[in-house]
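*Asks:* Sharing a structure below in structure tokens format, with a few things to ask.
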Amino acid sequence: PTYIHKVLLDITGSEDLDLHRLAIFISTIEHLIRAEMLEYLYSAQRIMQVKIAGPKTEGEVDLVISAFMLLYAFGANLEVSTKRDLDKTLTFLQANHKGWQQLQTHIQDLKKSTTGTATDGFDGVMGLATAITQNYRDWHSPTCRDARERLLAMPSYKDGRVSVLDLTPVHLPGSRLLFAEAQDYLRHLGTLDETNASNPRLIVPNYLASQALCLTTASYYTVCCHNPCEDIMAKLEHATGEPSATADQIASALAEGGAGRLLTEAERASLDALTANNSRVVLHERPLAMWLHSIFPVDCPMPRDHETINPKTADEWMADPGSNVQDTEELMLEISETLVRYTTLGLEGVDEATKQEEAAEVMDDTVEVIVDPSSRQLQESQEESVMTSYRRIGLGSLFQIAASFSLLASMLVLCLAMIRAVMSAQGINGPKWL
């Protein structure tokens, strides 16, 4: 997305995106996501030995979608995997992985409600895969609700904040690990209120809307918890139809609907103070965001420093990587820690002997590791993950790297072609090199 944004600005000679350019940007991203999904489904059908054209059985559809979800949700590398690899991984996950079992139930429910039949052909499978990715946040929602409820029930909760001393890691079967982030990481995310340095407090809506609770996918985006403040802002935007609003418009919009919110005298006085200078307040600027956080301390995040909560682009990092740059091995260990938190999801109740047996089988040199089902201590799994990666580097890795660069080049060409087509349709002239 950063590259596409830069190319679009270079083409139009602008320093920012107006509404028209934003529409082109979004259309390009959507086109790339769809092209990526097509590639993933082609790979899944090839690996699972299912014909691409023509009708399919229910069993074939389930095989293809399962392989697709291994790639989409777990990051499995289908280019270096075989059907035997995937069959063994899927068998283990279905028997022991509560999170995977719940995901499969969610997929079966979507199959029943999706328009059309997935067995009709490739278009049917594509329609089901699209529905799954578009509803992936719905599957993630119970985890978000659980985190919210647990935070609000903590003894120290007050005004949308809880003491970090109350945060202890929680790992329920079929759910991710909650509240295990280090304090430095929470600070980096902009989720800490350190007004009282001796008792820092977690800002609940900032935490729920942060990357800490997002699910990584193999696509261009991550899947995060729903931010209720977006619904509130949508009401304000719909009521005003403008980038700014009067205090009366804001108060009326918030009061509308079955779940309307009537302002108290003190709240209305603070709103009037925002519009004291020119009788209007800009909807998408810090003053209104701060006011909304004070009115809805659980639903609306507190605005924080932009540079603190957003990761750097590649160009920004190359220009100034900072003083805390990690060595390659340390970075690999950090990534391994993240992967372990996902791939051990729901394995606490599995018999230890079963885990070790399955782990030994999957770690066999003749089988590519896709999902490591081992539940060993984090430090041991991190160390072995790094050493295994080193041992596997060889000629196959060189071909894989070459294929990755080839794919990247193809996607960039596709991106430029998409921008060129949209601009041409809109009568916008780009530079000669485009």
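*Asks:* Taking only the alpha-carbon positions of region 40-177 and ignoring solvent, what does the Debye formula give for the base-10 log of I(q)/I(0) at q = 0.11, 0.13 Å⁻¹?
*Replies:* Log10 I(q)/I(0), no solvent term: -0.50, -0.64.
*Asks:* Expressed in nm to one decimal, what extension gain is obtained for the pair residue 256 and residue 238 from 0.36 nm per residue of sequence separation less their Cα-Cα distance? Write out the running numbers ahead of the final one.
*Replies:* Working: separation 18, 0.36 × 18 = 6.48 nm, distance 1.16 nm.
Length gained, residue 256 through residue 238: 5.3 nm.
*Asks:* Using 0.36 nm per residue, how much length does the chain from residue 91 to residue 2 gain when fully extended, once their Cα-Cα distance is taken away?
*Replies:* 28.2 nm
*Asks:* What nm value, rounded to one decimal, do you get for the distance between residue 51 and residue 149 when each label is placed 7 Å out toward the C-beta?
*Replies:* Taking the simple label geometry, residue 51 and residue 149 are separated by 4.9 nm.
*Asks:* For a quick check of understanding: with a 1.4 angstrom probe and all protein chains in place, what accessible area in square angstrom does residue 143 have, to the nearest ten?
*Replies:* Answer for residue 143: close to 20 Å² accessible.
*Asks:* Continuing with the same structure: What number do you get for region 107-155 when its Cα radius of gyration is normalised by 2.2 N^0.38 Å, N = residues?
*Replies:* Compared with the compact-globule rule of thumb, region 107-155 sits at 1.64.
*Asks:* Let me cross-check residue 51: its accessible surface, 1.4 Å probe, with only protein heavy atoms counted, in Å² to the nearest 10?
*Replies:* Approximately 110 Å² of residue 51 is accessible to the 1.4 Å probe.
*Asks:* With all pairs of different alpha carbon atoms counted, what Kirkwood hydrodynamic radius in Å does region 12-97 show?
*Replies:* After inverting the pairwise mean of 1/r, the radius is 15.1 Å.
*Asks:* If I take R0 = 45 Å and measure r between the Cβ atoms of residue 269 and residue 185 in this structure, what FRET efficiency does the formula 1/(1 + (r/R0)^6) give, to the nearest 0.05?
*Replies:* Working from the Cβ atoms, E equals 0.75.
*Asks:* State, in angstrom, two size descriptors of region 57-118 derived from its alpha carbons: Rg to one decimal place and Dmax to the nearest whole number.
*Replies:* For region 57-118, the Cα-based Rg and Dmax read 12.0, 34 Å.
*Asks:* Taking all protein chains together and a probe of 1.4 Å, list 139, 100 from the most accessible to the least accessible.
*Replies:* On the way: 139 50, 100 5 Å².
Order by accessible area, largest first: 139, 100.
*Asks:* Further, regarding this structure: Once each part is reduced to its C-alpha centroid, what is the distance from region 239-254 to region 141-217 in angstrom?
*Replies:* Between the Cα centre of region 239-254 and that of region 141-217, the gap is 32 Å.
*Asks:* Excluding residue 56 itself, what net charge comes from residues whose Cβ is under 15 Å from its Cβ, given Lys and Arg +1 and Asp and Glu -1?
*Replies:* On the way: positive: 46, 51, 111; negative: 58, 60, 62, 120, 123.
Combined, the nearby Lys, Arg, Asp and Glu give -2.
*Asks:* Quick one: length gained pulling residue 123 to residue 226 fully straight, 0.36 nm per residue minus the C-alpha distance? If you can, show how the numbers build up before the last one.
*Replies:* Numbers: separation 103, 0.36 × 103 = 37.08 nm, distance 2.94 nm.
Stretched fully, the residue 123-residue 226 segment lengthens by 34.1 nm.
The values are calculated or read from the model by the stated rules, or taken from the named source; none is laboratory data. What you are looking at is a predicted structure, and each value in this text was computed from that prediction instead of being measured. Heads up, the Cβs are rebuilt from the backbone with ideal geometry, glycines too, and the neighbour counts pull from every protein chain shown. All accessible areas refer to the heavy atoms of the entire protein, side chains included, with ligands and DNA or RNA removed. Shrake-Rupley method; radii C 1.70, N 1.55, O 1.52, S 1.80 Å.
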